[in-house]
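Every number in this text was worked out from the coordinates using simple rules, so none of it is lab data. Since the structure is predicted, the reported quantities are computational estimates derived from the model, not experimental observations. We place every Cβ from the backbone using ideal geometry, glycine too, and count neighbours over all the protein chains shown.
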Amino acid sequence: MSTPVVTEKWAGDLVCSVCRRKRLTAVEFSKKAVEKHRKEPDAPMKCKTCVEAAAQEERDVAATKTAAGGAAVPAGDGPSEGHECSSCKNALPATAFSRSNLSKGPGKQRCSECVAEAEKAHVTAGDAALREKLAAAKTAAAKAEASGSVVEKLAAHSKVAAIEAQMVTGLKPVVLGRGGRGRGGRHGGRFGRGAA
């Protein structure tokens, strides 16, 4: 008889170093933060909420600086020279753009507000897509329960579990065992067909 595994680690045992919330799942952090945590488990992590709050605070400070006229404007990029944002098509001063966006050149520059909106939309779209995928998998599991087939039930519930695990750990599910039958590899291997 096997003994139960006793561990102090839980799959969603991540901690935000800023807000100090504990037992967070990987969905609460960016993909890069989770990857960094896997490489360096003791590295501090910021949850998406804290990152967004810090970014918003930084944008507010920049906006007040711009409104007060206290922002240092580089030579040649005065208010008379407007840069057009490729997203909102507004002519804005250089202070409304990040350095990296200004260096992209006309037609490719996006103002800081448009960049922030695009990032927020990208994150929410990814979360929404994963939640929709989970809802569809749960619906398929309910249909499999009604059908009564054990194979269909197992496949449907495995898919639900894999999606839930992805939400908790941030790891995408990997399908194993697609190599066909037998020991032989792609070309039969040592013991497969055609072996001498």
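Please give the FRET efficiency for A67 paired with K108, using the beta carbon to beta carbon distance and R0 = 35 Å, rounded to the nearest 0.05.
Details: r = 27 Å, r/R0 = 0.76.
The calculated FRET efficiency here is 0.85.
Quick check: pseudo-label points 7 Å beyond the Cα along Cα→Cβ at K120 and H157, how many nm apart are they?
In this crude spin-label approximation the distance works out to 4.1 nm.
Using Cβ contacts closer than 10 Å as the measure, can you line up D127, D42, D60 from fewest to most?
Details: D127 13, D42 5, D60 10.
So the ranking, lowest neighbour count to highest, is D42, D60, D127.
Work out from phi, with θ = phi - 60° and the Karplus expression 6.51 cos²θ - 1.76 cosθ + 1.60, the ³J(HN,Hα) of each residue of the stretch 99-104, listed in order in whole Hz, and give x for Gly and Pro.
Karplus-based 3J(HN,Hα) across the stretch 99-104 equals 4, 5, 6, 5, 6, 6 Hz.
Would you mind checking which residues have amide H under 5 Å from L92's amide H? H placed 1.01 Å from N; only 5 or more apart, or other chain.
Here H83, E84, C85 satisfy the definition.
Take peptides 167-175, 134-142 and line them up by average Cβ neighbours within 10 Å, highest first, as a rough protection proxy.
Working: 167-175: 13.1, 134-142: 15.1.
The most tightly packed comes first, giving 134-142, 167-175.
Using C-alpha positions alone, give me the convex hull volume of the stretch 86-128 per residue in cubic angstrom. Before the final figure, lay out the partial values.
Values: hull volume 3.0 nm³, N = 43.
In the stretch 86-128, the Cα hull volume divided by residue count equals 70 Å³.
Calculate, axis by axis, the spread of Cα positions in the stretch 94-179 along the three principal axes, and write the results as whole Å, longest axis first.
64, 30, 22
Could you tell me which GluC sites (Glu not before Pro) in the stretch 77-134 are loop residues by DSSP with no more than 12 other beta carbons within 10 angstrom of their beta carbon?
Working: sites: E81, E84, E113, E117, E119, E132; in loops: E81.
The qualifying sites are E81.
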